[in-house]
Amino acid sequence: MITSSLKQTPLHAMHVSTGGRMIDFGGWDMPVQYPLGTVQEHLHTRTHAGLFDVSHMGEFDVRGSEAIPFVNRLVSNDASKLVDGQAQYSALTTPQGTVVDDLLVYRFSEDHLLLVVNASTTEKDWDWIISHKRDEQVELRNASSEYCQIALQGPDALRILQTLTDTSLDEIKYYHFRRGEVDGVSAIISRTGYTGEDGFEVYAAPNAAEQLWKRILDAGNYGAPEGVTPCGLAARNTLRLEAAMALYGHEIDDNTTLLEANLGWICKLNKGDFIGRERLAAQKEEGVKRKLIGFEMTDRGIARDGQAVFVGGSQVGLVTSGSPAPFLRKNIGLAYVPIEYANVNQEIKIDVRGRAVDARIVPVPFYKRDRKVNS
């Protein structure tokens, strides 16, 4: 008997029984798509609702009287500005101003934060955080095994989830959260996501994952043309790309700085010292030499990750993410190019399997939802 060494989320059996096509994703056995297909999963999320298993993400519990100063020394954004019940997008940075990982910082109280990190970098991030602890009064716990995480995204997400909870979801502002119950299960209900849509991420005990998954599908009328549908990693990727959200290992990594990645808005240089601040401040003063841009193909062809970008016959960069955009019906991508070429309407060419295909730089995000939420 062949046994898999891949890690499994608490919803693994559900994915297999629902026809999910499973792949190795950062050491996890995860569904890349379901029988409906990636395009339909994507469109369903944009127009109705999509359900995602993100239980592979990592969670670190930080408690103690110096929880906020400790975290603030490691991350680029200003955790001291958070209020109870608020989340913040941030990044762990290196002394060079590059990115160890991007993450969410949740504030439960002045002495209790939760850090949510990427699945493929969880162990690396934990080692980084532990190795940079000084004598701060904090207790750190890798709590990743204590949570499942289910994301319900799309314009129908609030209506569907509200049928399963007494918590007033409409009162939860964007990037805020509350403790409550979903279908009688104690949970953290967070108005966050990685799709460019309104929606919620529900954190609960792993043994409640199957119950919550089934109940959300039932409440969302799964199987109906306008019902909720489970979505795999492929749709999650095309959704985040349309919204021009960075993916670690593609747009950001330990070779790219936050300023190059257009993430200066999470880089609070005036908050006090943090790892990488000195280098980032110098780069801001000097100006970046390259910049992350969005492009759309103007000729037939699909750009893919790692393909070369040319201007005037010379290679100037590489595609970091490229794909068809199902909702926009265009072929789009992200790439780093020298700052002198990083202008809207700049003509570029992408090497698609040995053929130079025309493209042009366009504003990002490619897709932006109508924000009719409390934000």
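Run a plain Debye calculation on the range 58-140 (Cα atoms as equal point scatterers, no solvent) and give log10 I(q)/I(0) at q = 0.21 Å⁻¹, rounded to two decimals, same order as the q list.
Values, matching the q order: -0.94.
Can you list residues from other chains, or at least 5 along the same chain, whose modelled amide H is less than 5 Å from the amide H of residue 253?
99
Packing-wise, with mean Cβ within 10 Å as the measure, how do 336-346, 77-87 rank, highest first?
In descending order of packing, they fall as 77-87, 336-346.
Could you state the principal axis extents of the C-alpha atoms in the range 149-233, from the largest down, to the nearest angstrom?
Principal-axis extents of the range 149-233 (Cα, largest first): 31, 28, 25 Å.
Starting at 0 and stepping by 10 Å, how many percent of the alpha carbon pairs of the chain end up in each bin?
So the P(r) values, bin by bin, are 5, 23, 32, 27, 12, 2, 0.
If the chain between residue 131 and residue 112 were fully stretched, how many nm would it gain, using 0.36 nm times the residue separation less the Cα-Cα distance?
Between residue 131 and residue 112, full extension yields 4.8 nm more.
In the structure shown, do any of 284/349; 124/330; 124/291; 81/349; 268/330 have a Cα-Cα gap over 32 Å, and if so which?
Listed pairs above 32 Å: 124/330; 81/349; 268/330.
Check cross-link reach from residue 368 to the aspartates and glutamates: straight Cα distance under 12 Å, and skip same-chain residues fewer than eight apart.
Those aspartates and glutamates meeting the cut-off are 197, 198, 242.
Starting at the first residue of the range 324-333, write each ³J(HN,Hα) from the Karplus equation 6.51 cos²θ - 1.76 cosθ + 1.60 with θ = phi - 60°, in whole Hz, x for Gly and Pro.
So the J values, rounded to whole Hz, are x, 10, x, 6, 7, 6, 9, 9, 10, x.
Please work out the Kirkwood hydrodynamic radius for the range 198-326, using every pair of different C-alpha atoms, and report it in angstroms with one decimal place.
One decimal place: 18.5 Å for the Kirkwood radius.
Using amide H atoms built 1.01 Å from N in the peptide plane, name the residues 5+ places from residue 262, or on other chains, whose amide H lies under 5 Å from its own.
So residue 262 has HN proximity to 292.
Quick one: length gained pulling residue 345 to residue 298 fully straight, 0.36 nm per residue minus the C-alpha distance?
Result: 15.8 nm gained on full extension.
Got a sec to turn the phi values of the range 197-210 into Karplus ³J(HN,Hα) couplings, 6.51 cos²θ - 1.76 cosθ + 1.60 with θ = phi - 60°, whole Hz, x for Gly and Pro?
These are the phi-based 3J(HN,Hα) values: 10, 5, x, 9, 10, 10, 9, 8, 5, x, 6, 9, 4, 5 Hz.
Spelling out what I want: for every residue of the range 211-226, take phi, set θ = phi - 60°, compute 6.51 cos²θ - 1.76 cosθ + 1.60 (Karplus), and round to whole Hz; glycine and proline get x.
So the Karplus estimates, Gly and Pro as x, are 4, 5, 4, 5, 5, 5, 4, 5, 5, x, 6, 4, x, 7, x, 10 Hz.
Ranked highest first by the average count of other Cβ atoms within 10 Å around their residues, in what order do 9-17, 169-177 fall?
The peptides rank, most packed first, as 9-17, 169-177.
At what distance in angstrom do the alpha carbon centres of the range 32-78 and the range 181-218 lie from each other?
Here the two parts' Cα centres lie 12 Å apart.
Could you pull out every residue, at least 5 positions away or on a different chain, whose amide H is within less than 5 Å of the one on residue 55? Hs are placed 1.01 Å off N in the peptide plane, and Pro or chain starts have none.
Long-range HN contacts for residue 55: 149.
The numbers here are math on the coordinates, done by the rules we state, and not lab data. Bear in mind that the values here come from a model prediction, so they are computed numbers and not experimental data. Positions of Cβ are generated from backbone atoms using ideal geometry, with glycine treated the same way; all protein chains shown enter the neighbour counts.
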